[in-house]
Amino acid sequence: MASSLPPDLFDQTTIISLLSTLAIVLVAYATSRLVLPRATTSATLRFLFIWHLADALCHFILEGSFLYHCFYSFIPAAEAAGKDLVPTPYNFLGLGDSRVYGPQSGGDNPFAQLWMVYARADKRWAGADLGVISLELLTVFFDGPLAVYICYLIAKGNPKASIWMIVLATCELYGGFMTFCPEWLTGNINLDGSNFMYMWVYLVFFNMLWVFIPLYAVWYSINDISNAFVVRQAVRRTANKKFD
């Protein structure tokens with residue numbers, strides 16, 4: 001661990017960024033109170049509804065903003081010379097090496113600043129990392145809509161929600177693995193775990209949420225689907241007895 005903490009560890013941008021994630025959870029909870037029947041919705045299903053709606057909002061708002069800055073925020077390469085910026089891969093968007101993209105080029109934009117806070121722990125998120133962008137394209141345009149669809153199914157009491165929760169959880173787990181496996185294989189050269197905030201809040205807590213809760217969703221869904229097969233078998237046995 002470093003002997004001294006960074007002076008910007010709890011600056012205004014950091015606090016606002018952390019509060020934004022809390023606001024997303026509160027919106028998801030409030031929505032659950034509005035759309036889920038209190039009498040017939042179990043605590044588990046309510047939790048899974050809140051998780052999937054918060055998941056979708058994170059994908060659309062936060063990760064969607066990351067993609068925006070990766071594609072639309074840039075500064076000329078000549079202007080970036082001499083600055084401590086993450087290099088943009090050569091010929092990104094077919095433009096050779098004339099521009100430097102990513103939240104690092106987003107100036108005072110609030111979402112760019114949010115991602116620059118997270119980039120203190122994982123600097124890949126400051127620029128236009130091809131692996132991260134590829135995963136986030138799937139996350140924003142597939143995982144996000146699927147999470148909303150799951151919320152719709154839960155609200156309607158549709159048992160298909162369990163099937164799609166397994167699909168989405170598999171996507172989330174795979175995405176998390178492919179985000180960090182390249183770092184593990186290269187000695188975590190882009191990660192900074194030098195203090196509690198970077199290591200245990202940014203890198204561990206925020207990312208492990210997308211491990212343990214999807215695993216829980218898989219466990220719940222498998223049990224739900226298995227119980228449905230048990231019920232079907234019981235109905236078949238009852239029907240067979242009527243014809244014996």
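Just so it is clear, none of the values below were taken in a lab; they were calculated from the coordinates. What you are looking at is a predicted structure, and each value in this text was computed from that prediction instead of being measured. Using ideal geometry, Cβ is built from the backbone for each residue, glycine included, and neighbour counts are taken over all protein chains shown.
Summing Lys, Arg as +1 and Asp, Glu as -1, what charge do residues with Cβ under 10 Å from the Cβ of Ala126 carry, Ala126 excluded? Kindly include the intermediate steps, with their values, before the conclusion.
Numbers: positive: Arg120, Lys123, Arg124; negative: Asp84, Asp122, Asp129.
Neighbour charge sum, excluding Ala126 itself: 0.
Once you place label points 7 Å from the Cα toward the Cβ at Ala81 and Phe177, how far apart are they in nm?
Using points 7 Å along Cα→Cβ, the separation is 4.5 nm.
Using Cα centres only, tell me the gap between the range 96-123 and the range 165-238 in whole Å.
Cα centroid to Cα centroid, the span is 27 Å.
I need the per residue convex hull volume for the range 94-244, using only the alpha carbons, in cubic angstrom as a whole number.
171
Test of understanding: given the chain, find the longest segment containing no chymotrypsin sites (Phe, Trp or Tyr not before Pro) that are in a DSSP loop and have at most 12 other Cβ atoms within 10 Å.
Between the exposed loop sites, the longest stretch runs 91-244.
Taking 7 Å along the Cα-to-C-beta vector as the label spot, tell me the Phe141-Thr170 distance in nanometres, rounded to one decimal.
So the two model labels end up 2.2 nm from each other.
Report the charge-dipole magnitude of the range 12-243 in Debye, nearest 20, computed about the Cα centre from +1 at each Lys and Arg Cβ and -1 at each Asp and Glu Cβ.
Approximately 1620 debye in magnitude.
Loop only per DSSP, at most 11 neighbouring Cβ atoms within 10 Å: give me the trypsin sites (Lys or Arg not before Pro) in the range 29-84, ordered by residue number. List each step's numbers first, then the result.
On the way: sites: Arg33, Arg38, Arg46, Lys83; in loops: Arg38, Lys83.
For trypsin sites (Lys or Arg not before Pro) across the range 29-84 that sit outside H, G, I, E and B with at most 11 neighbouring Cβ atoms in 10 Å, the list reads Arg38, Lys83.
How high is the relative contact order of the chain, given as a whole-number percent (alpha carbon pairs under 8 Å, six or more residues apart)?
Here the relative contact order equals 19 percent.
What list of whole percents do you get for P(r) of the range 32-186, with Cα-Cα distances grouped in 5 Å bins up to the one holding the largest distance?
It works out to 2, 9, 16, 18, 15, 13, 10, 8, 5, 3, 2, 1, 0, in whole percents.
Kirkwood Rh, Cα Rg: Rg to Rh for the range 1-92?
Rounded to two decimals, Rg over Rh is 1.16.
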